[in-house]
1. For the stretch 81-125: of the residues being assigned to a helix (DSSP H, G or I) and under 25 Å from the mean Cα position of the chain (by Cα), which is nearest to LEU28 (Cα to Cα)?
2. Given the options GLY177, GLY197, GLY152, name the one that is free of Cβ contacts under 8 Å to residues at least 12 places away in the same chain and out of contact with any strand residue (DSSP E or B) (no Cβ under 9 Å at 6 or more places or on another chain).
3. Would you please name the residue that is farthest from PRO137 (Cα to Cα), looking only at residues in the stretch 51-80 that are assigned to a strand (DSSP E or B) and not aromatic (Phe, Trp, Tyr)?
4. May I ask you to say which residue of GLY46, GLY60 is free of Cβ contacts under 8 Å to residues at least 40 places away in the same chain and among the small types (Gly, Ala, Ser)?
5. Which one is surrounded by the fewest Cβ atoms within 10 Å (Cβ to Cβ) among residues in the stretch 126-163 that are in contact with a Leu (Cβ under 8 Å, 6 or more places away or on another chain) and assigned to a helix (DSSP H, G or I)?
6. Give me the residue from the stretch 15-48 that is assigned to a helix (DSSP H, G or I) and over 24 Å from VAL148 (Cα atoms) and, out of that set, modelled with the lowest pLDDT.
7. Restricting attention to the stretch 30-54, which residues are among the aliphatic types (A, V, I, L, M) and surrounded by 15 or more Cβ atoms within 10 Å (Cβ to Cβ)?
8. Out of ARG171, ARG189, which single residue is in contact (Cβ under 8 Å) with a residue 60 or more places away in the chain and either surrounded by 15 or more Cβ atoms within 10 Å (Cβ to Cβ) or within 30 Å of LEU86 (Cα to Cα) (or both)?
Amino acid sequence: MTRFDAARRAAVMQDLLSVLTGRPLDLLPFDRVRAGLRLKHTVDRGNQDVPLERIVGTLGREREFNREFLPREEALRNRWEDVEELAEGPAGFPAVELYQVGDAYFVVDGHHRVSVARSLGVPTIEAHVKEFLTPVPISAEASIEEVVLESGFADFLEATGLVPAVPDEFRVSEPNGYERLLEHITVHRYYRGIETGRGVTWGEAVASWYDAVYRPMIAAIRRSGVMEGFPGKTQTDLYLFTMDHVHNLRERYAPKPVPFSVAVRHFKFLYPGGHRLSDRLRSWWRRRRS
């Protein structure tokens, strides 16, 4: 069996097992990542040795190779074996061309070279790298769904001008969560205008929402220990859940105020085992999205 045959067989097996493993199977398409994260500014990083395990995307060849750059198509054989011969010769092959976004790399030119190098078991490959700058980190293990989430996160940070104090601040597990956060700020701006009797700028509204609403609610969530009942959810997910609960309580008990800490305790009392209510919460979340 040739090395190409072994690589093709491994690609078929990985495709079959992907449903069971849940691991990202396809290469990340750079065009979707670029559009989602609105990548514009590049820095030429020159030639460097790049770990092959961090090359997980492509510019237009996502159907020909899988996430580990195993060849999926028999039509790749001749070119693949020619590159294999070059790799094993005295001169080797020229550097590949890559785009970098966070910790992930995307092949612009040199798909067969990356595939052959991985089959040979070498740890790195020489590459000419151009990095697309982004405030949102992208890992080499990311799925396209995670990139969509990162896109929403980038949009939220750009719209608000907020800078996360810690890596997980403002992060949500559903793409529409960032739209809902912006809605919260918009509503807060409206009521701040009523309270102050003047127009409130967007920047003022963002700062006020962060200091008077978001941070106090997150602090109450942390003190309550409610996160233990919702594995897989973020603190901002719980902020969104609980703020909806605050709204319902204030409608029920108006005009009596409902402090955030009281709302969190009440939420925890109603949902003591959030993980056992995951289906109910997902259904409720879908209704909220619609």
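The values are calculated or read from the model by the stated rules, or taken from the named source; none is laboratory data. Bear in mind the structure is a predicted one, so any value in this text is a computation, not a measurement. FYI the Cβ positions are ideal-geometry reconstructions off the backbone, even for glycines, and counts take in every protein chain you see.
1. Going through the qualifying residues, I end up with HIS111.
2. Among GLY177, GLY197, GLY152, only GLY197 is free of Cβ contacts under 8 Å to residues at least 12 places away in the same chain and out of contact with any strand residue (DSSP E or B) (no Cβ under 9 Å at 6 or more places or on another chain).
3. Among them, the one singled out is PRO71.
4. Of the residues listed, the single one that is free of Cβ contacts under 8 Å to residues at least 40 places away in the same chain and among the small types (Gly, Ala, Ser) is GLY60.
5. My answer is ALA159.
6. Of everything passing the filter in the stretch 15-48, LEU17 is modelled with the lowest pLDDT.
7. VAL33, LEU37, LEU39, VAL50, LEU52
8. ARG171
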